[in-house]
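A short worksheet on the structure shown next.
We did not get these values from a lab; they are worked out from the coordinates using the rules stated. Only a predicted model underlies this, so the values are computations on that prediction, with no experimental measurement involved. When we count neighbours, we look across all protein chains shown, and the Cβ atoms used for this are built from the backbone with ideal geometry, even at glycine.
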């Protein structure tokens, strides 16, 4: 029995996620299972215009509303937005999955209107201690804190999320080419929003050049926008087995999910692509600088052993990577050698081969047993 069956008034729940692309992607492993586990509840997730395209194969009782934020950027705008949303949807509960100053204004309006509101714990005091070096322990992952929000509202949190592909029909993408039987695909996402998370592009080019020399390898470069496309263009032209995804016109997030799903590993920074790859079970090698996996925002079910980072007393110094380096040189990133990253990528590919070999051995063993019977 779903928890909300004990509370028949819980029928229309608003979910908030006006943050960055990566932060919104992190809500999916929590939101999808909750929707399926509470079929009598209508869920409306409000987000920035464009982010709604992330929600591929969404459950039938989930509506994702992309809002043009230009009219609502200020705190006064947040109150106006909350008023408009309540008038249109008549929510009886709000699950704030963002917990920002902006959504605090929205929450305050709903509370004034006697609507139940539960806000995610951003652990701000703990974060300040972590980034100031006073403590050196991991924060509870943000997804677990989001799940607590759902539970505290009175919702069944559902089964464990595995892959966004499992929630609907297979994605037939025109951008995914035929993959050779012995071929390995490596996805690389070399960009991120903040300098404190950005690995030097010159060193990333060295990594791409080395990986492109390997036998039976094809590399897909991920990014977006004119500037990133311009950076990737000469790299793609330099190597026959490198494809720049931003150069593919009319692609959708569904296309990118399907392409990532066929990749054997994704090399990325602490960025949105880390979370997108996590949604399709693609192993991720992630590179960390000013931020840290301890900050609680690693990709869903990604392995700590697959991270690349330096053990420095000054790390982490930022939760988002937007603070200037106190030393001015970002040595937490620049001192990570291309060889360190290549070694991790190679290890993940070898591990995948071992797992496939073990699976084939188990299948062969099972066939042998049936033959004996």
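Starting with the highest mean, order 217-228, 67-78 by the number of other Cβ atoms within 10 Å, averaged over the residues of each peptide. Don't skip to the answer; put the middle values down first.
Working: 217-228: 18.1, 67-78: 13.7.
Final packing ranking: 217-228, 67-78.
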Which FRET efficiency, nearest 0.05, do residue 140 and residue 351 yield, Cβ-Cβ r, R0 45 Å? 0.95
Find how much the distance from residue 151 to residue 40 grows on full extension, using 0.36 nm per residue of separation minus their present alpha carbon separation; answer in nm with one decimal. 38.4 nm
By Cβ neighbour count within 10 Å, fewest first, 317, 123 rank 123, 317
Least to most buried among 46, 320, 140 (fewest other Cβ within 10 Å first): 140, 320, 46
Spin-label model distance (nm) - residue 178 vs residue 163, 7 Å beyond Cα toward Cβ: 2.2 nm
Calculated FRET efficiency, residue 226 and residue 320, Cβ-Cβ r, R0 22 Å, to nearest 0.05? 0.40
So, in nm, how far is label residue 331 from label residue 205 when the simple model puts each one 7 Å beyond its Cα toward the Cβ? 2.6 nm
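What area, in nm² and to one decimal, does the C-alpha convex hull of the chain cast on average over all directions? Don't skip to the end; give the middle numbers.
Details: hull surface 88.6 nm².
Mean projected area of the Cα convex hull: 22.2 nm².
In nm, what is the difference between 0.36 nm times the number of residues separating residue 49 and residue 12 and their Cα-Cα distance?
Working: separation 37, 0.36 × 37 = 13.32 nm, distance 2.17 nm.
Full extension of this stretch gives 11.2 nm more.
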Helix 28-37 sits at what angle to the longest principal axis of the chain, using alpha carbons and giving 0 to 90 degrees rounded to 10? 60 degrees
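Tell me, what is the percent relative contact order of region 184-358, built from C-alpha pairs under 8 Å that lie six or more residues apart?
On the way: 290 pairs, mean separation 45.9, N = 175.
The value is 26 percent.
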Modelled label-to-label distance, residue 312 and residue 63, 7 Å Cα→beta-carbon offset: nm? 4.8 nm
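Considering the convex hull of the alpha carbon atoms of region 3-167, report its projected area averaged over all viewing directions, in nm², one decimal. If you can, show how the numbers build up before the last one.
Working: hull surface 40.5 nm².
The number I arrive at for region 3-167 is 10.1 nm².
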Within 10 Å of each residue's Cβ, count the other Cβ atoms and sort 121, 329, 255 from fewest upward. 329, 121, 255
To the nearest 500 deg cm²/dmol, what mean residue ellipticity at 222 nm is calculated for the chain from DSSP H runs of n ≥ 4 alone, each contributing -39,500 (n - 2.57), summed and divided by the residues? -12000 deg cm²/dmol
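Given the Cα-Cα distance of residue 238 and residue 121 and 0.36 nm per residue of separation, how much length would full extension add, in nm? Write out the running numbers ahead of the final one.
Working: separation 117, 0.36 × 117 = 42.12 nm, distance 4.69 nm.
Computed gain between residue 238 and residue 121 is 37.4 nm.
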Debye intensity ratio in log₁₀ form over the Cα atoms of region 54-117, taken at each q of 0.11, 0.12, 0.17 Å⁻¹: -0.27, -0.32, -0.64
